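Every number here is computed from the coordinates shown, using simple stated rules; none is lab data. Predicted model, so just to flag it, every value in this text is computed and none were measured. Please note: Cβ atoms are built from the backbone with ideal geometry, for glycine as well, and neighbour counts cover all protein chains shown.
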Amino acid sequence: FIDMAPPSIDPLVDQPMSSGRKEVSLSAFAFLFSEIVQYHLQRVSDTNELELKLEEAGAHVGRRVLELLAYREKPTRRETRLNGILTFIQNNVWKNLFGRSADSLEIYNDDEYMISDRDVLVNRFISVPKDYQGMNCASFVAGVVKGCLESAGFDAQVSAYDAPTADDGHYSVARTNFLVKVDANVLEREQSF
């Protein structure tokens, strides 16, 4: 007796979800990001508008990254505290996007936090046109942070700026700071805990 039925194929939903790290080559990322910048550069008239467009693009990425990482790493727990979500962004989100944690997370006031990184990947391979001096492509990463925070229910404004770092008395490579200014309703909710 010969069985003529086709071999059984497991449906896609029955297969385990891969949690392994899928890395994109640095050159592919640099090319894709430069295309994003070029796309927006052709559709804006000044630096502030370009940074706003990059931030909006980053916010879309941030929402999806938080959803994916929350599902993979904390499927039964949701961050409800501001310090918890900022630490999650500094460590987990940064590691999954850039391969390492951000350098520091600092508290300035009750409503202002700072995430610092010395080597932001999006600023590494960008040459800024003369018409757009002062442009900071890390606005994209600021958008990622903002998207993560908004998706988690923490409304905030996030901005990116470069700050010089002192190494051996000489000012060298700029560190990028991401200033997170949370809304008043988030602070009220934090105080109720």
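Assuming a ≥ b ≥ c are the square roots of the Cα gyration tensor eigenvalues, decide whether the stretch 41-193 counts as rounded (a/c under 1.5), prolate (otherwise, with a/b larger than b/c) or oblate. Before the final figure, lay out each step's value.
Details: a/c = 1.67, a/b = 1.46, b/c = 1.14.
Since a/c reaches 1.5 and a/b is larger than b/c, the shape of the stretch 41-193 is classed as prolate.
What order, most packed first, do the peptides 140-151, 43-54 have when packing is the mean number of other Cβ atoms within 10 Å of each residue?
On the way: 140-151: 25.3, 43-54: 15.9.
Packing order, densest peptide first, comes out as 140-151, 43-54.
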